[in-house]
Structure formats: structure tokens, C-alpha cells
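The structure under discussion appears below in the form of C-alpha cells.
The values are calculated or read from the model by the stated rules, or taken from the named source; none is laboratory data. Being a predicted model, the structure only gives us computed values, none of them experimental. Positions of Cβ are backbone-derived with ideal geometry, glycine not excepted, and every protein chain shown enters the neighbour counts.
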Amino acid sequence: MSPHSSSSLNSRSLKTRFALRFLRALKKITNRRPTSCSSSREISRRVQRVKLAADASMASAVGPRKAWSRAILLKHRSRSHARVHGLTGHRRETDHDHAITIRKRVMKKRKVHKLDSAFRTNELRRLVPGGEAMDLYNLLDGTAHYIKCLTTQVEVMTSIANYCAT
């Protein structure tokens, strides 16, 4: 994408707003990247940064009018705030925590879930960012919009990858 072709694009379209924000975020990631370190740990950090940039760019392109985008933006801002203030230390899992996790997994496997509408609704609430706070109508509406945005995200990222590959 050349800078001159962006003027011919519909600047109001979701795809264009996402693409511009995502490319800006990728540029920041590229500028931060160490030139000599290609360890698997550094690569996984970069992959995580790209994923976060894609989510934040899409949520930013949509704006605060949808609950899922507000949830992603809030999560992104919280991470940024924690990083700036040095609150990113991850707690190591102790043996006790590990034992509890295994026990929970075993208990979960023993339970037989009925695939009724309440279970499906709860699963959907878990998958859609911000879905926990939505009623059923808004959850379904938000889910449809989220899927549309994820589809747009994949199309734009595929276009970028194809452009960079040539």
C-alpha cells in the first residue's frame, strides 16, 4: 500500500481504519525489535505483540460503541498501565496451585454438561470480549459484529502478508 493509494480508499470503512491503525502498530513493533536477538523467547514476545496490536487496532477502529471493543480497549489500557508502572511481574504457579488446577480439571471432566441454551449462552459470553456483562440480545448482536470484525481483520492481515511476500 503506497501512501498515495490510501487517499483513494474509503477512509470511513472499517477495513481502512483497521489497516491504518494496524500498520502503525506494526511499525512501532518493528522499531522496538532488537536487531540481533532471534531467540524463541523473543520471537514469541513479538508474536504476542502483533496479536495485541491486531486486537487493539480493531477495537480502536470500531470505537467504544460496542461492548466487545470497550472490553478489549480496557484490557489493552490496563496492560499498558501495568507495563509503564512496572506491574507486569507474573506470579509463578506453586505446587499447591498446580494441584488445585489438576483437581479442577478432573472435576470438570467428570461433570456432564447438558448442551442446553444456558450452557451455549455462557460459552458465547466467555468467547466474546465483554460478553459477561451483556444480556442475550446484545450478546447475539455483539457476537455478530465481533465475527464481522474478525473476518475483516483476517482479510486485512492476509492482504498485508501477501503484499510483503511479493
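Look at the stretch 121-134 and say how many of its residues are in a loop (DSSP other than H, G, I, E, B) and over 18 Å from the mean Cα position of the chain (by Cα). The total comes to 1.
Can you tell me which of Ala53, Ala59, Ala19, Ala71 is farther than 26 Å from Met134 by Cβ, of a type in the set (A, V, I, L, M, F, W, C) and modelled with pLDDT of 90 or more? Going through Ala53, Ala59, Ala19, Ala71 in turn, just one is farther than 26 Å from Met134 by Cβ, of a type in the set (A, V, I, L, M, F, W, C) and modelled with pLDDT of 90 or more: Ala19. With respect to the conditions (1) surrounded by 11 or more Cβ atoms within 10 Å (Cβ to Cβ); (2) part of a helix (DSSP H, G or I), Tyr137 falls short on a single one, namely (1).
If you check Arg92, Arg126, Arg110, Arg103, which single one turns out to be surrounded by fewer than 13 Cβ atoms within 10 Å (Cβ to Cβ), basic (Lys, Arg) and at pLDDT 85 or above? Reasoning before the result, please.
Values: Arg92 fails: at pLDDT 85 or above; Arg110 fails: at pLDDT 85 or above; Arg103 fails: at pLDDT 85 or above.
One residue alone meets the criteria, Arg126.
Given the structure, is Leu136 over 24 Å from Ala25 (Cβ atoms) and modelled with pLDDT of 85 or more?
Numbers: over 24 Å from Ala25 (Cβ atoms): yes; modelled with pLDDT of 85 or more: yes.
Considered against the rule, which asks whether it is over 24 Å from Ala25 (Cβ atoms) and modelled with pLDDT of 85 or more, Leu136 comes out as yes.
Being assigned to a helix (DSSP H, G or I), closer than 23 Å to Leu23 by Cβ, at pLDDT 95 or above and of a type outside the set (A, V, I, L, M) is the requirement here; does Tyr146 meet it? In short, yes.
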